[in-house]
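These notes are about the structure you will find just below.
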Amino acid sequence: MFLTTIAGAAPVLTTGTPGNSYNVPPYGPSPSFGTLYNFDSLTPGTTFAPGTYAAQGVNISSPDGLEVEPYSTQSGPNYLVDTSANGSANISIKTFGSEEVGIGIADSDITANGAPVTIYLQALNAGGVGFGTVYAETLPTGGNNPGNGYFVFADSVYDIYGIKITQPVGNASLYSGLAIDDLQVAHTPEPASLALLGVGAIFIGVLRSRRSA
Amino acid sequence: MRSFLSITTSTVLCFGLAVDPSFASGRVNTATCDLSRPASESAKPNSACAVTPTTPIEHVVIIFGENISFDHYFGVYPKALNPPGEPRFTALPGTPAVNGLTPALLTSNPNLNSANGAGAANPFRLNRNQPLTADQNHAYAPEQASFDEGAMDLFPLKTGAGGNISVPYPPVVNTNGLVMGYYDGNTVTAMWNYAQHYALSDNSYNSNFGPSTPGAINLISGQTNGISAHLNGTGDEVADGQGNLTLVGDADPIGDVCSAPTRNQVTMSGKNVGDLLNAAGLSWGWFAGGFDLTVTNPNGTTGCNRSTVSPVFGENLSGDYIPHHQAFQYYTSTANPKHTRPTNVASIGLAGDAGNHNYDIHDFFDALAAGNLPAVSYLKAQAYQDAHPGYSDPLDEQAFVVNVINALQKSPFWGTTAVMIAYDDSDGWYDHQQAPILNGSFTNQDSLSGPNACGTQGTTPQLPGPNSGGLPVNGRCGPGVRTPLQVISPWAKPNYVDHTLTDQSSTLRFIEDNWNLGRIGGGSFDATAGTINTMFDFSKSTPQNATPLILSPTTGLPQ
């Protein structure tokens, strides 16, 4: 049985622990799963191309543009920053159909009252459209780096095709706003891959039955 | 007579001067002084008052950090980059400018000078995930050489050292150009927040060039000349021209059980502020991390080898106790060479206490909690929190400083306390501002104004040593590199930047003046040091800056 996405379903959002960039273990996020994209091999100070990971079926974009910066507060050194002029953000992370997608978010923006700003997270379906619950989150402020969080969308029934991150309010300054790091994707095997796996299993079974005969 | 004097109406012959719990009013209760009762038995917290202070300040606490130049922490104050996820800093309206890194210095810095080779660089921002860096060269001669006779353009070549950094960005951090790095309010967040609410000097300097020990000695005596004994050579000294030696390097104190046996060691002659405080009957103490040799650290280390793993960078790169940072151990009259423990918590700081005024940093907190805050306290953090590059960092330093100040602000002493944050040297980090040469020196280690010269012989003043018969001595070229100086007190001017020319012995002068102790004399810099009284507002009878500022020790943000 292959998993399919149904608009209106409700992937579950859980929070994890972000990695840190101070050379103190644990370096990466928790939980750890699937394939990790931490942007650390990219060149700091450059514009991020949305199709950088197209070969892996991942596309990361923002209408504001994204920049690679070396100031990650999660696993160091780099992260991607939404370059919105007013500190807001609207990032789409599109993946192949997956069972789990995790993302680290850094943001120290605060409201006029000094409270953390609200960030909205929603899973994407196969059409790149948000589906299920829109989660409103504020990033914890008590740690060594305020505004650091790690979030995982998981769905055991339907595929997830990415995450949409929206921050409508921000504090404008050069790099304030929202940054992402340590994208993790646990891919659901593609149909063709599963077919090959099945053929392989049958082949192995045939071999074993011949040897035992 | 200024109006505040009306609240300290008589000379108090005791160490038990108590502060009225309504300290915010600034009123001092002089009626409860009771020499016979230890602090733990007193209904009100003890202070220390053999003589009437000339200002409302009854307690001076000097946090003496390590190895920071002014531009390294405050060069771009009050503008922080504010990357996502880091503690945000936005300056209050009306924040005054500092003499910092101008656009021209940031983009066309003289240290782009090709003589600096691969290290030629403009100043650049170090990020909060780069707290641990390589240690720069901060010896007496290279620091002068980096000034290039006033051109201020040879820091990478003369004092720079690269590497040892968690995030190798920008690439210049792996070259001597690392010396041009600076932090902003996203890393030194607490320091910037204190500056927003209290007083910051942008014109304060090392009394003379050189590393930790001369800085520590100048802090308490203003005099690095007059070495009375030395062991294991004289590598950290220079001939003073009058048959004696001047300390210019990091010799260990003779007799300290933790001094390295084969390292150059010295004893200083002359007086220090401890002698003056003793003569006046005032309580005082030097509180140093790792001093208590009876403690076993969580990692199992003991004695002189106690050490601590930094929670920021996850390594243990130094013992907690560093003998050549301990100023009073160099003077026979004020040393505690065997690290004898205090008689009890209530006697900490008092004459006759077994610790002879030298204690562990935990003794400071223990005494404070017991209602015993000496008149003068010098605090030296355990090494991993002292800010020294190579084994400490600004975030560990921040945790120490904030914990001290939070504890004081929550104590009943706060209404009459002044905290001063000062540094022993610059580490060699870039700073663009040179002070006028106020004290000359003419040795082969001097180059500030030309070969073998700091100043003009016969023209530039040159102070004597304690035993030179009034004749000028060499090895005290200064002022040296500019370092931060902050005053945090209910009596400090709020969000104020002071431009008065001061040096390390200015805090010494403040203590002397505050209790009418007289001067060290014998060529001490205290005679010529600029005043830091301009960082206070003593014009009213009540403190005008009484609202405490409690910060987070991890983020430096207000709590």
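Observations on the structure shown:
- Candidates A:173, A:33, A:20 compared by Cα position along the dipole of segment A:12-212: farthest toward the positive end lies A:33, with charges placed on Cβ.
- Alpha-carbon centroid distance for the pair segment B:163-207 / segment A:169-188, whole angstrom: 26 Å
- Taking Cβ atoms as reference points and 13 Å as the exclusive limit, the residues near residue B:402 contribute a net charge of -1, counting Lys and Arg as +1 and Asp and Glu as -1.
- For segment A:12-212: relative contact order, % (alpha-carbon pairs under 8 angstrom, 6 or more apart): 28 percent
- Semi-axes of the equivalent ellipsoid for segment A:12-212, Cα gyration tensor, largest first, Å: 35, 18, 16
- Rounded if a/c under 1.5, otherwise prolate or oblate - chain B, Cα gyration tensor axes: rounded
- Charge dipole (debye, nearest 20) of segment B:54-202; +1 at Cβ of Lys and Arg, -1 at Cβ of Asp and Glu: 460 debye
- For the pair residue B:299 and residue B:344, a Förster radius of 35 Å applied to the C-beta separation gives a FRET efficiency near 0.75, rounded to the nearest 0.05.
- Pairwise centroid distance, computed over Cα atoms, of segment B:337-386 with segment B:240-255, Å: 27 Å
- Peptides A:33-45, B:526-538, B:152-164, ordered by how many other C-beta atoms sit within 10 Å of their residues on average, highest first, read B:152-164, B:526-538, A:33-45.
- Among the residues of B:121-132, the average count of other protein chain beta-carbon atoms within 10 Å of the residue beta-carbon is 3.
- Peptide A:63-71 has a mean of 3 when you count, residue by residue, the C-beta atoms of other protein chains within 10 Å of its C-beta.
- Cβ-derived FRET efficiency at R0 30 Å, residue B:332 paired with residue B:362, nearest 0.05: 0.70
- Here the calculated FRET efficiency for residue A:157 and residue A:14, from their Cβ-Cβ distance with R0 = 25 Å, stands at 0.95, rounded to the nearest 0.05.
- Shape annotation for the protein assembly as shown: C-alpha extents along the principal axes are 102, 62, 62 Å, from largest to smallest.
- Charges were assigned to the Cβ only: +1 to each Lys and Arg, -1 to each Asp and Glu. The resulting dipole of the protein assembly as shown about its Cα centre is roughly 740 debye.
- Spin-label proximity, residue B:471 to segment B:220-255 - amide N less than 18 Å from point 7 Å beyond Cα toward beta carbon: B:225-228, B:238-247
- Count Lys and Arg as plus one, Asp and Glu as minus one, and take only other residues whose Cβ is under 12 Å from that of residue B:468; the net charge is then 0.
- Rounded to the nearest 20 debye, dipole of segment A:1-128 from Cβ charges on Lys, Arg, Asp, Glu: 200 debye
- The residue among B:144, B:122, B:169 whose Cα reaches farthest toward the positive pole of the charge dipole of segment B:68-194, with charges on the beta-carbon of Lys, Arg, Asp and Glu, is B:169.
- Inter-chain shielding of A:34-45 (mean C-beta neighbours from other protein chains, 10 Å cut-off): 1
- Within segment B:53-73: backbone nitrogen closer than 14 Å to the residue B:531 label point (7 Å, Cα to C-beta): B:54-56
- Residue-count net charge about residue B:105 - beta-carbon cut-off 12 Å; Lys, Arg +1, Asp, Glu -1: -3
- Sorting A:158-166, B:298-306 by their mean Cβ neighbour count within 10 Å, with the most densely packed peptide first, gives A:158-166, B:298-306.
- Relative contact order, percent, chain B [alpha-carbon distance under 8 Å, six or more residues apart]: 24 percent
- Length released on extending from residue B:542 to residue B:151, taking residue separation times 0.36 nm less the Cα-Cα span: 136.2 nm
- Cα shape, segment B:265-316, gyration tensor, a/c 1.5 rule: prolate
- For residue A:164, the lysines whose Cα falls under 28 Å of its own Cα, not counting residues fewer than eight places away in the same chain, are A:94.
- Counting every alpha-carbon pair across segment B:221-355, the share separated by more than 21 Å comes to 49%.
- 3J(HN,Hα) from dihedral phi, segment B:372-385, Karplus parametrisation 6.51/-1.76/1.60, rounded to Hz, x for glycine, proline: 10, 10, x, 4, 10, 10, 9, 10, 10, 5, 4, 3, 5, 10
- Taking the fewest neighbouring Cβ atoms within 10 Å as the starting point, the ordered list for B:295, B:173, B:248 is B:295, B:173, B:248.
- Straight-distance crosslink candidates among aspartates and glutamates, where the alpha carbon sits under 15 Å from residue B:493 and sequence neighbours closer than 8 are dropped: B:202, B:537
- Treating each Cα of segment B:325-429 as one equal point scatterer and applying the Debye formula with no solvent, the log10 of I(q)/I(0) at q = 0.11, 0.14, 0.17 Å⁻¹ comes out as -0.38, -0.62, -0.90.
- Taking the charge dipole of chain B about its Cα centre, with +1 at Lys and Arg Cβ atoms and -1 at Asp and Glu Cβ atoms, the residue from B:552, B:523, B:69 reaching farthest to the positive side is B:552.
- Considering only alpha-carbon pairs that sit under 8 angstrom and 6 or more positions apart, the relative contact order computed for segment B:408-559 is 25 percent.
- Euclidean distance of C-alpha centroids, segment B:530-559 and segment B:419-494, integer Å: 28 Å
All of the numbers you see were taken from the coordinates with simple rules; none came from a lab. The structure displayed is predicted, hence computed values, not measured ones. So basically every Cβ, Gly included, is an ideal-geometry build from the backbone, and we count neighbours across all protein chains shown.
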